[in-house]
There are 2 protein chains.
Amino acid sequence: MLKYIKETNLSIIPLEKGNVFHALKTTESDFQGFGEAYFSTVNYHDIKAWKKHKKMTLNIVVILGMIKFVFFDDRKNSSSRGKFHEFILGPNKNYSRLTVPPGIWMGFQGSNIGENILLNIADIVHDPNEIERKELESIAYRWD
Amino acid sequence: MLKYIKETNLSIIPLEKGNVFHALKTTESDFQGFGEAYFSTVNYHDIKAWKKHKKMTLNIVVILGMIKFVFFDDRKNSSSRGKFHEFILGPNKNYSRLTVPPGIWMGFQGSNIGENILLNIADIVHDPNEIERKELESIAYRWD
């Protein structure tokens, strides 16, 4: 079981008529099961925060634009307790996948003018009962 | 088992900071299993054709731009044998999912100036041995 966030570089297959971008295969260790896939977009400079999943493991890929992700760990007994971790993903600079185990607070911000789109391949179907939310100001992170 | 192509309208959840777009849930009948998810892009006016999967069921969503899909059915005993079927998908005009069973020839063309991106959620991992290809000219369809 994954304890913390894992970043994995993904392949881009260059093709004359349009590239192919890998996202997730069942043969990869980050695959924890499939429950649902959905897209979330975030406007330039807007922040979607904070959200924590009690059960869901997320596999996140940014297919358009650039998105900054911030994680805050308040789990007891976690070696990264009280720390922030930042990742910036996008197809042109850092085409990678984030695998996020349950229990960690997450926020994200649109970094590109224009559209910013992420795909989440989650191991369970959306269930409002397994999601906790906090106001943006309730975790003291300095957003841009 | 699905016999022909199925088009399903998908939900877009409007949110102030950026919309959420549904793609596929295990609880939907179009879910045939998860093997791999990948993105394919196609430049404006370019055509990627023809390809047929012997085993893979595809679940295709267009998250950016607009893509025209053309299917040609040459399966014996199929009621749509010898016919073309066309679909145009995109998040702004027709946000839908195509579920494509194995055995049908597929081609697609970028309809928007700028980027055109599809997500395929396939029930098996990519396997070159289950794919057949034909030259564009070998199936007499009149592309734009």
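Only the coordinates and a few stated rules stand behind these numbers; no lab work does. Just so it is clear, the model here is predicted, and its values are computed rather than measured. Note that we place each Cβ from the backbone using ideal geometry, even for glycine, and neighbour counts take in every protein chain shown.
In table form, for the structure just shown:
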{"read-out": "Euclidean distance of C-alpha centroids, region B:5-73 and region A:12-62, integer Å", "value": "15"}
{"read-out": "Gain on full stretching of the segment that runs from residue B:130 to residue B:55 - 0.36 nm per residue minus C-alpha separation", "value": "26.4 nm"}
{"read-out": "Net charge over other residues, Cβ less than 15 angstrom from the Cβ of residue A:81 (K, R count +1; D, E count -1)", "value": "+3"}
{"read-out": "For chain B, built as a Gaussian network whose Cα springs stay under 10 Å, the top-fluctuating residue of B:54, B:76, B:93", "value": "B:76"}
{"read-out": "Dipole of region B:6-135 [Lys/Arg +1, Asp/Glu -1 at C-beta], most positive-end residue of B:24, B:82, B:56", "value": "B:82"}
{"read-out": "J(HN,Hα) series, region A:70-76, from Karplus relation 6.51 cos²θ - 1.76 cosθ + 1.60, nearest Hz, glycine and proline x", "value": "10, 10, 10, 9, 10, 6, 4"}
{"read-out": "Under 5 Å, built H, 5+ apart or other chain: amide partners of residue A:19", "value": "B:41"}
{"read-out": "Kirkwood hydrodynamic radius of region B:69-144, from inverse mean 1/r over distinct Cα pairs, in Å", "value": "14.4"}
{"read-out": "Total charge dipole magnitude, the protein assembly as shown, about the Cα centre, Cβ charges on Lys, Arg, Asp, Glu only, Debye to nearest 20", "value": "380"}
{"read-out": "Dipole magnitude (debye, nearest 20) for region B:30-94, charges at Cβ of Lys, Arg, Asp, Glu", "value": "300"}
{"read-out": "Total charge dipole magnitude, chain B, about the Cα centre, Cβ charges on Lys, Arg, Asp, Glu only, Debye to nearest 20", "value": "400"}
{"read-out": "Size of region A:6-135 as Cα extents on the principal axes (Å, biggest first)", "value": "50, 35, 28"}
{"read-out": "The protein assembly as shown: C-alpha pair distances exceeding 25 Å, %", "value": "47"}
{"read-out": "Vicinal HN-Hα couplings computed from phi for region A:7-12 (Karplus, 6.51 cos²θ - 1.76 cosθ + 1.60; Hz; Gly/Pro x)", "value": "9, 10, 5, 10, 7, 10"}
{"read-out": "Shielding of B:37-49 by partner chains, average beta-carbon count, 10 Å", "value": "6"}
{"read-out": "Gaussian network model of chain A, springs between alpha carbon atoms under 10 Å - residue of A:96, A:111, A:11 with greatest fluctuation", "value": "A:11"}
{"read-out": "Charge context of residue A:35, other residues only, Cβ under 13 angstrom, K/R +1, D/E -1", "value": "-3"}
{"read-out": "Inter-chain Cβ neighbour average for residues A:19-32, partner chain, 10 Å", "value": "5"}
{"read-out": "For residue A:24, residues with placed amide H under 5 Å, excluding near neighbours", "value": "B:37"}
{"read-out": "Under-13-angstrom lysine pairs by C-alpha in region A:6-135, whenever the two are 8 or more apart or on separate chains", "value": "5"}
{"read-out": "For residue B:64, distant residues with modelled amide H under 5 Å away", "value": "B:117"}
{"read-out": "For chain B, built as a Gaussian network whose Cα springs stay under 10 Å, the top-fluctuating residue of B:112, B:43, B:19", "value": "B:19"}
